[in-house]
Each structure stands twice: as C-alpha cells, then as structure tokens.
1. Looking at (1) among the basic types (K, R); (2) more than 15 Å from M13 (Cβ to Cβ); (3) in contact with a helix residue (DSSP H, G or I) (Cβ under 8 Å, 6 or more places away or on another chain), which one does K42 not meet, given that it meets all the others?
2. Could you grab the pairs with beta carbons closer than 8 Å, sequence gap of 6+ or different chains, first residue in segment 1-16 and within 20 Å of Q36 (Cβ to Cβ) and in contact (Cβ under 8 Å) with a residue 40 or more places away in the chain, second one in a strand (DSSP E or B) and small (G, A, S)?
3. Suppose we filter A74, A70 for residues that are of a type in the set (A, V, I, L, M) and part of a loop (DSSP other than H, G, I, E, B); which single one remains?
4. Go through (1) more than 18 Å from I77 (Cβ to Cβ); (2) out of contact with any strand residue (DSSP E or B) (no Cβ under 9 Å at 6 or more places or on another chain) for L59 and report which single condition fails.
5. Conditions first: (1) more than 19 Å from Y10 (Cβ to Cβ); (2) surrounded by 14 or more Cβ atoms within 10 Å (Cβ to Cβ); (3) in contact with a Leu (Cβ under 9 Å, 6 or more places away or on another chain). A74 passes all but one, so which condition is the exception?
6. Could you please find all residues in segment 18-56 being under 21 Å from E73 (Cβ atoms), touching a residue at least 24 places away in the same chain (Cβ under 8 Å) and crowded, with 18+ Cβ neighbours inside 10 Å?
7. Please specify each residue of segment 1-11 satisfying the condition of being surrounded by 23 or more Cβ atoms within 10 Å (Cβ to Cβ) and either hydroxyl-bearing (S, T, Y) or under 16 Å from A74 (Cα atoms) (or both).
Amino acid sequence: VKITIVGAGYVGMSLAVLLAKHHEIKVLDIDEEKVQMINAKKSPLADKDIKEAFKKEDLNLFATAESLDAFVEADYIIIAT
C-alpha cells in the first residue's frame with residue numbers, strides 16, 4: 001500500500017516510521033532540510049524512538065517537497081498537521 005503523509009512533525013514522523021515497516025511511505029513537507037534528512041535516513045526530529053527506528057529498521061520511507069510527486073500514486077493520504 002502506498003501512503004502519503006503530509007507533515008514531517010512529531011505526529012507525521014511517528015506515523016511514517018510505524019507504517020514504513022510494512023508499507024511504502026512518502027512524507028510531504030515544505031522544509032527542504034527535513035526532506036533531505038529523511039531521504040538520508042536520518043531523523044529530522046530530536047526524538048529517541050524515531051532516531052532509533054531510522055538506525056535499526058529497514059524503513060520504506062521517502063520524503064519530498066513536491067505535492068504532485070507525493071500524491072500521484074498514493075492509495076491513502078494522511079494529513080498530519
């Protein structure tokens with residue numbers, strides 16, 4: 001299942017990390033620095049559990065700042081803002 005999550009804050013990233021263990025996740029955010037960190041498999045937040053998941057889990061998780069890229073193939077969209 002392809003899921004897009006809008007917002008890379010605490011709610012969005014918590015959902016993204018949890019769901020990315022079993023689904024293809026795209027995170028849409030306007031902050032390019034957060035997008036780059038997520039795509040480099042680094043947590044954009046100072047959260048111990050999210051940082052740990054990025055290090056230890058094989059997450060199917062990508063980020064973009066382009067809404068068309070995020071929405072075009074999504075089966076579900078979660079607004080986490």
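Here, each number is a calculation from the coordinates, and none is a lab measurement. Quick caveat: nothing in here was measured; it's all calculated off a predicted structure. Methodologically, a virtual Cβ is constructed for each residue, glycine included, from the backbone with ideal geometry; neighbour enumeration extends over all protein chains shown.
1. If we test K42 against (1) among the basic types (K, R); (2) more than 15 Å from M13 (Cβ to Cβ); (3) in contact with a helix residue (DSSP H, G or I) (Cβ under 8 Å, 6 or more places away or on another chain), just (2) comes out false.
2. Filtered contacts from segment 1-16: A8/A63.
3. One residue alone meets the criteria, A74.
4. Every condition holds for L59 apart from (2).
5. (3)
6. Within segment 18-56, A20, I25, K26, V27, L28, D29, V35, I38 qualify.
7. Result: T4, I5.
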